[in-house]
Amino acid sequence: MSLIDAPSFKSSSSPVRSTSLPAGAYVLSIASTPSFYAASASSPSNAIHLFDKARLQTVQTLAGHESAITTLRTVHNVANAVNNALLSSGKDGSVKVWDERSGSVALRLTASTAGTAQGLLSCDASADGMTIAAGTELQGEDASILYWDPRSPAAPLRVHSSTHSDDITALHFFRPAASSAPSPGNILLSASSDGLLCTSNADEADEDEAGLHVGNFGCSIAQAGWLHDRAGRPAAWASSDMETFSVWTTELDRVQDVDIRQPSVHRQDLTWVTDYLIGCHNASSPIGDADNDLCLFAGSNEGDIALITRPTFSDPSAPWLLHKTWTTGHVGIVRAALWDERNNVLLTGGEDSKLNAWVAEQPEPVTSPGKVKRGSTADPMDVDEDADISARKKRRA
């Protein structure tokens, strides 16, 4: 398994803009609205800071949550009442939809059992904005996925408590890609510390009937999400606490499983070694001749960032491609990366309290082994099951 630098490889060591969160708070996550960039801060502030896109200057600070913020994302629509809204969840047991103009909470959903708040670790809103889902911490013997109709926010519409048996670390509704085939329905991807990756029909009240597919990673899952092929057909990815990374078919059959730290470059003129996965991004269109839209942002313990792709996941021998690195802008672990393709900007935030804006032009087309040609009807996830599976490594501190 190899990592090669793309012919158009570039490296940048100077962010174009930079700012810092108050009181030395970590930057936990970053989101983008039409008007602002948003960054969530670690304890004790647990605030959400809004920044002007042109100068990266603070324009407003939202109160955030009473305890740790676990999710911050932008959703296009909530109940046809709030567009391009910030959605956040926290360990205080609440999901909040924010009105960025007034700085107030437009909608608050609360998870509680017998009056005791259940800490929430993940949340998302469906593509049509009519369902909000949140995943809880393990409390006693239960970890639940809560579903709300945002038009009736007083209590969850339903609670599914047998999908997972441990902390629910990631929730993502399926959203069709720009070139996508018709939507398969209101499908929710969930991941958990129990090692399971699941898809569910979010419109089905009966939990036994709601479950669609289950994949067992065999280790605690820290992050997960969707990817798409050129025809818009979905697949899934997941990463573990031990920096293993996997790709799965729509039916959650495992395609590949690798240690994300193994692909590396060691040359006199270029060195890159991945220490951890920061996060993934779905590009507006696959890069070059790649058969998928998945982009990985990898980090080093020194605070550097790299953009890495794989032209195809159907061939276990296909190399990974290193497109660009952004170096010396951070010190220590980088917690969040957001690629704003429309404005040609990469936002990164870390444990050094810095929020940096970098130039992030679209990588140039690359011809690589194992590619699927444009217009191909081949399913890039139709592969042998004998994918390489790496040894589990220790959890990143």
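The values are calculated or read from the model by the stated rules, or taken from the named source; none is laboratory data. Computed from a prediction, not measured in an experiment: that's the story for all the values here. Note that each Cβ is placed from the backbone with ideal geometry, even for glycine, and that neighbours are counted across all protein chains shown. Accessible surface is based on the protein model in full, side chains and every heavy atom, while ligands, DNA and RNA are left aside. Shrake-Rupley method; radii C 1.70, N 1.55, O 1.52, S 1.80 Å.
With the condition kept exactly as written, say whether any residue in the range 324-347 is outside any strand (DSSP E or B), in contact (Cβ under 8 Å) with a residue 40 or more places away in the chain, farther than 26 Å from D241 by Cβ and open to solvent by less than 20 Å² (accessible area, probe 1.4 Å). The answer is no; no qualifying residue exists. What number of residues within the range 230-263 are assigned to a strand (DSSP E or B) and open to solvent by less than 40 Å² (accessible area, probe 1.4 Å)? Number satisfying all stated conditions: 17.
Annotation note: of G303, G370, G375, the sole residue that is modelled with pLDDT of 95 or more and either surrounded by 20 or more Cβ atoms within 10 Å (Cβ to Cβ) or of a type outside the set (K, R) (or both) is G303.
The strands (runs of 3 or more DSSP E) falling completely within the range 84-157 that include 1 or more residues that are at negative phi and in contact (Cβ under 8 Å) with a residue 60 or more places away in the chain map to 120-125, 132-136. How about the range 151-179: which of its residues are open to solvent by less than 30 Å² (accessible area, probe 1.4 Å) and modelled with pLDDT under 95? Matches in the range 151-179: A177 only. Residues satisfying the criterion are absent from the range 233-253 (criterion: free of Cβ contacts under 8 Å to residues at least 12 places away in the same chain and over 23 Å from S162 (Cα atoms)). The condition (being under 18 Å from P316 (Cα atoms) and in contact with a Leu (Cβ under 9 Å, 6 or more places away or on another chain)) is satisfied by just one residue among A222, A238: A238. Can R73 be described as assigned to a strand (DSSP E or B) and modelled with pLDDT of 95 or more? Taking the combined requirement at face value, the residue satisfies it. Entry remark, the range 272-300: residues being open to solvent by 30 Å² or more (accessible area, probe 1.4 Å) and modelled with pLDDT of 95 or more number 5 in total.
Out of all the residues in the range 96-114, is one or more in contact with an Asp or Glu (Cβ under 8 Å, 6 or more places away or on another chain) and not aliphatic (A, V, I, L, M)? No, the range 96-114 contains no residue that is in contact with an Asp or Glu (Cβ under 8 Å, 6 or more places away or on another chain) and not aliphatic (A, V, I, L, M).
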